[in-house]
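First the structure, in the form of structure tokens, and then the observations on it.
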Amino acid sequence: MSGERGRDAVLHLSAAFLLVAGATWWWRAAPQQTTDPRLLHWRLSTEQLLPDTGDQETASTLALGAGTGHEEEVPGLDTGSYLVSVVCAGDDGSRIRVSLGSGYQSGRGVPCSGARTPEMFSVGLSGDLLLRVNVEEAGPVVFRYTLQRMER
């Protein structure tokens with residue numbers, strides 16, 4: 001009987017060791033989250049400059065890398081006039097270009113450093129909003145926009 005108990009103990013200890021070794025490997029092999037601490041600060045700044053309100057259609061905050069582009073589509077909007085507000089936060093010299101629609105447009109340049117004030121412009125929409133954002137060479141940046149229907 002004692003030989004059988006010894007084999008059981010060895011078997012259980014081996015299983016426990018393999019479980020601990022596997023869990024340790026799994027934990028250490030997981031990709032490390034490398035988030036830039038500036039992004040959190042810039043996100044908070046843009047959300048303070050363009051806070052969520054009850055009368056907006058939509059809003060979004062995005063972190064974008066240098067030299068990248070992003071398209072944001074808001075489908076199913078009622079026909080009418082809307083106020084688009086955009087703001088950007090980033091390092092000195094960082095800028096974005098914001099354009100609307102699917103055709104080629106140079107867009108509006110928005111500085112991401114210095115005095116960060118929201119840019120606002122009104123647009124007439126019938127259905128969908130397509131917002132294109134292109135980050136110039138300095139980055140990363142945090143971009144935020146809000147869309148609000150204007151009074152009828």
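The values are calculated or read from the model by the stated rules, or taken from the named source; none is laboratory data. These figures come from a predicted structure and were not determined experimentally. With ideal geometry, Cβ positions are generated from the backbone for all residues, glycine too; neighbour counts draw on all protein chains shown. These area figures cover heavy atoms from the full protein model, side chains too; ligands, DNA and RNA do not enter into them. Shrake-Rupley method; radii C 1.70, N 1.55, O 1.52, S 1.80 Å.
A Förster distance of 35 Å, applied to the separation of the beta-carbon atoms of A30 and S60, puts the FRET efficiency at 0.80.
Per-atom-type breakdown for the range 61-147 gives carbon and sulfur 45% of the accessible area (1.4 Å probe, protein chains only). Accessible surface calculations at 1.4 Å, restricted to protein heavy atoms, place the chain at 65 Å² per residue. Pick the calculated mean projected area of the Cα convex hull in nm² for this structure from [x] 26.7; [y] 11.3; [z] 14.8? So the calculated entry is the one marked [z]. For the chain, relative contact order (Cα pairs under 8 Å, six or more residues apart, normalised by length) works out to 33 percent. In this simple spin-label approximation, L77 and E4 carry label points 7 Å from Cα along the Cα→Cβ vector, and these lie 7.7 nm apart.
Take the Cβ atoms of H41 and V20, set R0 to 22 Å, and the FRET efficiency comes out at 0.05. If only the Cβ of Lys and Arg carry +1 and only the Cβ of Asp and Glu carry -1, the dipole of the range 77-152 around its Cα centre is close to 140 debye.
Using a ≥ b ≥ c from the Cα gyration tensor of the range 107-152 (square roots of the eigenvalues), is it rounded, prolate or oblate, where a/c under 1.5 gives rounded and otherwise the larger of a/b and b/c decides, a/b for prolate? Here the range 107-152 falls in the prolate category. Would the range 47-110 count as rounded, prolate or oblate if I go by the C-alpha gyration tensor, calling it rounded below 1.5 in a/c and otherwise prolate when a/b exceeds b/c, oblate otherwise? Since a/c reaches 1.5 but b/c is at least a/b, the shape of the range 47-110 is classed as oblate. Count Lys and Arg as plus one, Asp and Glu as minus one, and take only other residues whose Cβ is under 9 Å from that of E136; the net charge is then +1. The long axis of helix 37-49 is offset from the longest Cα principal axis of the chain by roughly 40 degrees. Ellipticity at 222 nm from helices only: DSSP H runs of n ≥ 4 in the chain, each -39500 (n - 2.57), divided by the residue count, give -9500 deg cm²/dmol. Between 0 and 90 degrees, the angle of helix 2-29 with respect to the longest Cα principal axis of the chain falls at about 20 degrees.
Near E73: Cβ cut-off under 11 Å, other residues only, Lys/Arg at +1 and Asp/Glu at -1. The net charge is -2. Considering only G6, A30, G76, and ranking their Cα positions along the charge dipole of the range 1-144 that arises from unit charges at the beta-carbon of Lys, Arg, Asp and Glu, the one farthest toward the positive end is G6. Under 5 Å from the amide H of R95 lie the amide H atoms of C112, E136, A138, each residue being 5 or more positions distant or on a separate chain, with H modelled from the backbone and absent for Pro and chain starts. Under a Cβ-Cβ cut-off of 15 Å, what is the net charge of the residues other than G109 that fall near it, where Lys and Arg count +1 and Asp and Glu count -1? Residues near G109 contribute +2 overall.
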